[in-house]
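Everything on this sheet refers to the single structure shown next.
The values are calculated or read from the model by the stated rules, or taken from the named source; none is laboratory data. What you are looking at is a predicted structure, and each value in this text was computed from that prediction instead of being measured. Here the Cβ is made from the backbone with ideal geometry for all residues, glycine too, and neighbour counts use every protein chain on show.
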Amino acid sequence: MDDASHPLHTVISNQRRLISDRLLFPKRRTNRLKNAFVLHAIRLLQNLGGHPQQLSCLHTSASLESKNWERRNLKVYPPQLTDEPRRPAEIHHSRRQIKYSKDKMWYLAKLIRGMSIDEAIAQLEFNDKKGAKIMKEVLLEAQEMAVKNHNVEYKSNLYVAESYSGKGKYLKRIRYHGRGMFGIMDKVYCHYFVKLVEGPPPKTENKTSFDQAKEYVQNLKNRTIIHSL
């Protein structure tokens with residue numbers, strides 16, 4: 001293969017042409033140069049036998065799983081053997097389009113994460129925030145679903161495995177100002193998702209300062225995208 005037909009030589013020549021176009025036509029969008037460079041880089045990796053690898057979900061929508069949150073209750077597992085330990089029941093429940101801020105709801109959702117169902121309800125009962133009352137209703141509904149639909153014998157034998165909030169559908173409204181002017185404001189809404197698992201809550205290990213530092217460094221390494229610009 002000569003140098004003129006090498007994929008890298010093709011990419012460099014194309015970049016020179018795009019840069020010259022950018023200098024001659026400064027009013028064109030800079031996204032054209034950026035998108036073309038990314039496209040040629042991906043093609044170069046494919047021609048050379050490599051593939052772009054991604055180590056984190058920075059460019060993926062992790063919130064798409066929340067659309068099928070309740071459908072996880074319909075999952076059917078294969079029958080277990082007699083010597084296998086009993087599989088704990090899992091209950092997925094949510095409430096959508098709550099007239100509340102997702103950021104305020106997140107603090108309450110993180111508060112009860114990992115608690116038993118009775119302790120979580122007690123914590124929310126003595127909280128004066130609006131979101132605490134809504135979360136308490138959702139937990140009671142999920143507890144009732146566990147006994148009625150998932151064959152849970154004792155309703156107190158549950159713990160909060162997952163608890164988080166998500167952004168709902170915002171509504172645009174007019175905010176009136178003085179002198180005949182106006183602005184646009186958002187009517188915020190949020191979603192709340194909870195997962196209850198049968199059994200006692202798992203014990204949390206007390207991490208030392210050295211373990212926390214190692215975990216922090218590992219998180220920094222995990223979010224690095226190799227073969228990126």
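Of the listed requirements (1) over 22 Å from the mean Cα position of the chain (by Cα); (2) farther than 22 Å from H92 by Cα; (3) among the hydroxyl-bearing types (S, T, Y), Y170 misses just one: (1). Only residues that are surrounded by 14 or more Cβ atoms within 10 Å (Cβ to Cβ) and in contact (Cβ under 8 Å) with a residue 60 or more places away in the chain were counted across segment 151-166, and they come to 5.
Please verify whether Y100 is in a helix (DSSP H, G or I), among the hydroxyl-bearing types (S, T, Y), more than 30 Å from Y77 (Cβ to Cβ) and modelled with pLDDT of 95 or more, treating the condition exactly as stated. If you could, list the steps in order and put the result at the bottom.
Values: in a helix (DSSP H, G or I): no; among the hydroxyl-bearing types (S, T, Y): yes; more than 30 Å from Y77 (Cβ to Cβ): yes; modelled with pLDDT of 95 or more: yes.
So Y100 does not fit the description; no.
Limited to segment 189-229, what total is found for residues that are hydroxyl-bearing (S, T, Y), within 21 Å of the chain's Cα centre (by Cα) and surrounded by fewer than 14 Cβ atoms within 10 Å (Cβ to Cβ)?
Step one: of segment 189-229, the residues hydroxyl-bearing (S, T, Y) are 189, 192, 204, 208-209, 216, 224, 228.
Next, from what is left, pick out any that are within 21 Å of the chain's Cα centre (by Cα): 189, 192, 216, 224.
From what is left, the residues that are surrounded by fewer than 14 Cβ atoms within 10 Å (Cβ to Cβ) are 216, 224.
Adding up the residues that qualify gives 2.
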